[in-house]
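Participant: I'd like to ask you about the structure that follows.
The values are calculated or read from the model by the stated rules, or taken from the named source; none is laboratory data. From a predicted model like this one, the values you see are computed outputs, not experimental measurements. No Cβ is skipped: glycine too gets one built from the backbone with ideal geometry, and neighbour counts run over all protein chains shown. The protein model used for the area step is the full one, side chains on, heavy atoms only, and it has no ligands, DNA or RNA in it. Shrake-Rupley method; radii C 1.70, N 1.55, O 1.52, S 1.80 Å.
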Amino acid sequence: MLGTLLHNGIPILQSLRISKDSTGNKVLTAAIEQSAENITGGDALAEPLRACKYFPRDIVEMIAVGEESNNLDKVLVDIANALEKRTSRQLDLFVPPPGAHDAAGHGRRHTDRRRRPAAARVQDEQGPQVTRAWTPVN
């Protein structure tokens, strides 16, 4: 959120205030407040985040580099996108795909997972006019 606000021209202190109000997390709120105080005093954004210990070191380092290179908005958006992709991949590992369970909630049997020849798949879709290469095991 902070990166998007900065990218759209919202001043950093106002962006931090908006971000702080939307976190819903006391620890993050305190870290963002400390960051705003640091910026008001002319210091870096990354230092209070580093001191907080709840932000991964690599993320804080990227924020520090973004500050130094005057590219903070882009770095923050890139961090958010990378974290979103990582979270999505992790969820994909834990949430079974649709159809992985039958109506009773049971997983598919191993024999049901075998690949079937294209002719069998076409017959299922189009009816009996296509000859099966083999008969699946039920």
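Participant: Of all accessible surface on region 24-77 at a 1.4 Å probe, what whole percent is carbon and sulfur?
Facilitator: Details: 1800 of 3380 Å².
With neighbouring chains kept in place, the figure for region 24-77 is 53 percent.
Participant: Right, here's the next one. Using a ≥ b ≥ c from the Cα gyration tensor of region 1-76 (square roots of the eigenvalues), is it rounded, prolate or oblate, where a/c under 1.5 gives rounded and otherwise the larger of a/b and b/c decides, a/b for prolate? Please list the in-between numbers first.
Facilitator: On the way: a/c = 1.36, a/b = 1.06, b/c = 1.28.
Note, shape of region 1-76 comes out rounded.
Participant: What whole-number value in Å² describes the accessible area per residue of region 1-103 for a 1.4 Å probe? Kindly include the intermediate steps, with their values, before the conclusion.
Facilitator: Values: 7100 Å² over 103 residues.
Counting only protein heavy atoms, the per-residue value for region 1-103 is 69 Å².
Participant: Quote to one decimal, in nm, the extra length available between V95 and I18 on full extension: 0.36 nm per residue of separation minus the C-alpha distance between them.
Facilitator: Values: separation 77, 0.36 × 77 = 27.72 nm, distance 3.27 nm.
Between V95 and I18, full extension yields 24.5 nm more.
Participant: Can I ask one more? In nm, to one decimal, how far is the modelled label at M1 from the one at T87, with both set 7 Å along Cα→Cβ?
Facilitator: Going by the 7 Å Cα→Cβ label model, 1.2 nm.
Participant: What lysines could a cross-link reach from K53, if we take a straight Cα to Cα line under 22 Å and drop same-chain neighbours fewer than 8 places away?
Facilitator: K20, K26
Participant: Calculate, in nm to one decimal, what Y54 and Q34 gain on full extension: separation in residues at 0.36 nm each, minus their alpha carbon distance. List each step's numbers first, then the result.
Facilitator: Working: separation 20, 0.36 × 20 = 7.20 nm, distance 1.38 nm.
Length gained between Y54 and Q34: 5.8 nm.
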